[in-house]
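**Q** Input: one structure, supplied below.
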Amino acid sequence: MKTAEEHLIHEKIAVPDASPRLSRPRLLKLLAENVACCNATIVNGRAGTGKTALAADFARHAGRLVSWYKVDAADSDLRMFCEYLSTTVRGQRLSIDAERLLQITETVESDRAELLAEALVFQLSEGKSEPLLIVIEDLHLVYDADWVVPFFRRLLPLLPADVHLLITCRSLPPAPLWRLRSKQMLRVLEETELAFSLEEVIALFETYGLVAEAARIAWDQTNGRAATVADFAATPGRAGRAFADSLLSLKCSTLSSLSGQTPDFQT
């Protein structure tokens, strides 16, 4: 006989195994500060900006238990969302009664999802437990669901002090949610902050044995976008070719400038 969880895709509720080639202390420090001062953090950026890599790296450095949930478009169904979320959280908090939470999804309209949020908070608050980080990845895939705003609008202000929610998304959640940051309940890490600094690009290139000048060229060409920078560094010969092209361009520019000068025939 199948258990209630056998039909779930367990890769969706497991912290990604891969470690980033380069940890980014600047961003890890920002996330740690957010955990200390507010209820939730949103990491907002387009595909390829390093959201998942950062969240997974922070999960390994946060010094607390971690529950991970990667959302898919099919999870716009409130019951399905609740089943995955309660399962991953129950892995760290045995006080979670998943069956009770699922019953709530069947007895209330989805636009009354605040009742589910209140029940989840109550269960999270029961008993003494170690601090918990809940990561919800790609929440933007279910923004259109009518339960999203009432659920998170109720959940975020009520989260226990020992629980922090980290959300990654490609666009900011509906306005009633992200505006909670004005109440110091929510911090937003924007795409501009996710971009690699020149120092970080140089450090990444050093792990491949590449020179700082190649890193500077890559930084100029990629605007620090995480996936593009990583591809630039990892592709054999690409950094070297860019460096050579840069030197050739500089040489041609210098020769052109010299050839355009008017000779001085005065003696």
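**Q** Using Cα pairs under 8 angstrom and six or more residues apart, how large is the relative contact order of the stretch 1-117, in percent?
**A** Numbers: 80 pairs, mean separation 28.3, N = 117.
Here the relative contact order equals 24 percent.
**Q** For every other residue with a beta carbon closer than 12 angstrom to the beta carbon of Thr207, add +1 if it is Lys or Arg and -1 if Asp or Glu, then tell me the sum.
**A** Net charge around Thr207: -1.
**Q** Is the stretch 18-58 best put as rounded, prolate or oblate by its Cα gyration tensor, with a ≥ b ≥ c the root eigenvalues, rounded for a/c under 1.5, and otherwise prolate when a/b is larger than b/c, oblate when not?
**A** Since a/c reaches 1.5 but b/c is at least a/b, the shape of the stretch 18-58 is classed as oblate.
**Q** Between Asp162 and Thr107, how many nm apart are label points set 7 Å from Cα along the C-beta direction?
**A** About 2.8 nm, to one decimal.
**Q** Something else now. If a/c stays under 1.5 just call it rounded; otherwise compare a/b with b/c (prolate if a/b is bigger, oblate if not). Do that for the stretch 59-157, with a ≥ b ≥ c from the square roots of the Cα gyration tensor eigenvalues.
**A** Cα axes put the stretch 59-157 in the oblate bin.
**Q** Now for a separate question. Could you give the accessible area per residue of the chain, probe 1.4 Å, as a whole number in Å²?
**A** 53
**Q** Using the crude model of +1 on Lys and Arg Cβ and -1 on Asp and Glu Cβ, and no other charge, please compute the dipole size for the stretch 1-133 relative to its Cα centre, in debye to 20.
**A** Using Cβ point charges on Lys, Arg, Asp and Glu, the stretch 1-133 gives about 880 debye.
**Q** Quick check: at a probe of 1.4 Å, how many percent of the accessible area of the stretch 100-224 sits on carbon and sulfur atoms? It would help to have the intermediate numbers written out before the result.
**A** Details: 2950 of 5970 Å².
Result for the stretch 100-224: 49 percent of the exposed heavy-atom area is carbon or sulfur.
**Q** Quick one: Cα centre-to-centre distance for the stretch 142-200 and the stretch 1-68, in angstrom?
**A** What the calculation gives is 14 Å, centre to centre.
**Q** Quick check on the stretch 1-140: take the gyration tensor over C-alpha atoms, sort the square-rooted eigenvalues as a ≥ b ≥ c, and tell me if it's rounded (a/c under 1.5), prolate or oblate. Let's see the in-between values first.
**A** Values: a/c = 1.76, a/b = 1.54, b/c = 1.14.
Prolate.
**Q** Give me the dipole magnitude in Debye, nearest 20, for the chain about the Cα centre, with unit charges on the beta carbon: positive for Lys and Arg, negative for Asp and Glu. Write out the running numbers ahead of the final one.
**A** On the way: 29 positive and 35 negative charges, 119 e Å.
Once rounded to the nearest 20, the dipole reads 580 debye.
**Q** With semi-axes √(5λ) of the Cα gyration tensor in Å in mind, check (i) 29, 21, 19; (ii) 44, 19, 15; (iii) 48, 18, 17 and report the label derived from this structure.
**A** Here semi-axes √(5λ) of the Cα gyration tensor in Å agrees with entry (iii).
**Q** Do any GluC sites (Glu not before Pro) in the stretch 84-128 lie in a DSSP loop with no more than 16 other beta carbon atoms within 10 Å, and if so, which?
**A** Working: sites: Glu99, Glu106, Glu109, Glu114, Glu118, Glu126; in loops: Glu109, Glu126.
Those that pass, being in a loop and sparsely packed, are Glu109, Glu126.
**Q** Let me ask something else about it. Counting only protein heavy atoms, what percent of the accessible surface of the stretch 48-91 is carbon or sulfur at a 1.4 Å probe? Kindly include the intermediate steps, with their values, before the conclusion.
**A** Values: 770 of 1470 Å².
In the stretch 48-91, the share of accessible area belonging to carbon and sulfur is 53 percent.
**Q** Counting Lys and Arg as +1 and Asp and Glu as -1, what is the net charge of the other residues whose Cβ lies under 13 Å from the Cβ of Leu133?
**A** -1
**Q** The stretch 119-161: which trypsin sites (Lys or Arg not before Pro) are DSSP loop and have at most 11 other beta-carbon atoms within 10 angstrom? Mind dumping the intermediate values first?
**A** Numbers: sites: Lys128, Arg153, Arg154; in loops: Lys128.
In loop regions of the stretch 119-161 (DSSP not H, G, I, E or B), the sparsely surrounded trypsin sites (Lys or Arg not before Pro) are Lys128.
The values are calculated or read from the model by the stated rules, or taken from the named source; none is laboratory data. Keep in mind that this is a model prediction, so the values were computed, not measured. Counting neighbours? That spans all protein chains shown, and the Cβs are built from the backbone with ideal geometry, glycine included. Protein only, heavy atoms only, side chains kept; ligands, DNA and RNA dropped before computing areas. Shrake-Rupley method; radii C 1.70, N 1.55, O 1.52, S 1.80 Å.
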